[in-house]
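For reference, the structure discussed in these notes is given below.
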Amino acid sequence: MPTNLTPEFRHAEQEYKRASTPEEKTAALKQMLSTIPKHKGTEKMQADIKRRLAKLKDEIRQQTKKRGFSIHVDREGAGQVTIVGPPNSGKSSLIASLSGVELEIAAYPFTTQCPHPAMMAFEDVQIQLVDLPPVSRLHTESWVAGIVRISDLVVIVVDLGADDALEQVEETLEVLEASKVRLVGGEPNSEPWASIVEKPALMIGTKCDLSGGPDNAAALSELYGDRFELLTVSAETGEGLDEARRHVFQRLKLIRVYSKPPHHEAELDRPYVLAEGSSLQDFASLVHKDFAEKLKFARVWGEGKYDGQRINRDFVLSDRDVVELHI
Ligand SMILES: Nc1nc2c(ncn2[C@@H]2O[C@H](COP(=O)(O)OP(=O)(O)OP(=O)(O)O)[C@@H](O)[C@H]2O)c(=O)[nH]1
Ligand SMILES: [Mg+2]
């Protein structure tokens, strides 16, 4: 393995490992190819990247042929969360209550037929929720799993008013798994060559205002409480919605970092959103590439630090830190 690989290349390689669709993988590989140092020592790697690109091109062509068309939701905000569940379970109602966006809601199944994005605010962060048609053994749109697969987080919606709520959850998980998407409550396995993609998920039991609600919530907790984080809400009464917003944000594993120009107040109305575990260097790159390159040092304010503590590029930031960059 050549040792003189650039940070840009390493970054692209990380993106590649994270990518789950052929399209995302292609974009990352192209980035790897354009940032790899071009010399004899990397020739084998270059050839390997080109070979993978050719294979992916084939894969994309095959998929498009099979689907006939592709459906895609443009990403917006700090994270993309897909909402899945059986027909009529209350998915659209839940998204409408969390986001304030009007969606098609009806007392009959298979109401939602296209993906509908809706922005949900959690404190000062905007998170994109995606309403989807139902997941069911009877019929599931072929493109649903594809959208779930590239989202950052999945919410499994369970109708607490339904007699067969538990069977419905099992069905949702099985149908998605048959499409090579496995929902997990813990840390997903991000092995890039795995045939099944694991996605982080949490479970929301909705319609808790209905008479069977408490019993079903208890049964659900007994059966799935060890496997998934479980919340109980009602789109009708608003119960549990604030908690749900907070848990969705927390499960996305994001942090907010605020920039403070030297001799000025911190810009507290405009967080930069980064993945948990991000360093000062990651933050500086997000603010401006000049900062990333020329950064001399920085100061941080936040929980567990001395006010204005001096930090280095590899310092790991936390949610709500305020950072002053010096170049
Ligand atoms: N009592 C009560 N009824 C609800 C609640 N949420 C949704 N409903 C009702 O449940 C029915 C289905 O709601 P939708 O939001 O359309 O469900 P969906 O899961 O999006 O349905 P599909 O798009 O067909 O899969 C509607 O009659 C809603 O009014 C709730 O929290 N409490
Ligand atoms: Mg719907």
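List of remarks:
- Close amide-amide hydrogen proximity is noted between L252 and no other residue 5 or more places distant or on a separate chain, at a cut-off under 5 Å (H modeled in the peptide plane; Pro and chain starts excluded).
- Checking every one of the GluC sites (Glu not before Pro) in the stretch 93-152 against DSSP loop status and a limit of 11 other Cβ atoms within 10 Å picks out E102, E123.
- Nonlocal amide H pairs with K199, under 5 Å, H built at 1.01 Å: R182, L183, V184
- Pairs of alpha carbons in the stretch 176-223 whose separation is greater than 14 Å (percent): 62 percent
- Extents of the stretch 7-67, taken as max minus min of Cα coordinates on every principal axis and listed largest first, are 40, 20, 13 Å.
- Extension gain for D74 to T6 (0.36 nm times residue separation, less C-alpha to C-alpha distance): 21.5 nm.
- What the pair-distance distribution of the chain shows, using all Cα-Cα distances binned every 10 Å from zero, is 5, 22, 28, 24, 15, 5, 0, 0 percent.
- Legend: residue pairs K25/K253; K30/K180; K260/K305; K17/K38; K30/K55; K30/K57, Cα-Cα distance threshold 18 Å; pairs beyond threshold, K25/K253; K30/K180; K17/K38.
- Stokes-Einstein D in µm²/s, Kirkwood radius over Cα pairs - the stretch 80-251 at 4 °C with 1.567 mPa s viscosity: 82 µm²/s
- Trypsin sites (Lys or Arg not before Pro) restricted to DSSP loop in the stretch 223-327 with at most 13 other C-beta within 10 Å: K296
- The reciprocal of the average 1/r between distinct C-alpha atoms defines the Kirkwood hydrodynamic radius, which for the stretch 254-326 equals 11.8 Å.
- Rule-of-thumb Rg ratio for the stretch 169-306 [Cα; 2.2 N^0.38 Å; N residues]: 1.44
- Residue order, fewest to most beta carbons within 10 Å, for H263, H39, H116, H139: H263, H39, H139, H116
- Among S89, S190, the ranking by other beta carbons within 10 Å of each residue's beta carbon, starting with the fewest, stands as S190, S89.
- Estimated inter-spin distance, R313 and H264, nm [label 7 Å along Cα→Cβ]: 2.5 nm
- Debye intensity ratio I(q)/I(0), log10, the stretch 19-131, q values 0.11 Å⁻¹ (C-alpha model): -0.57
Every number here is computed from the coordinates shown, using simple stated rules; none is lab data. Quick caveat, the model's predicted, so the values are computed rather than measured. Cβ: placed from backbone, ideal geometry, glycine included. Neighbour counts: every protein chain shown.
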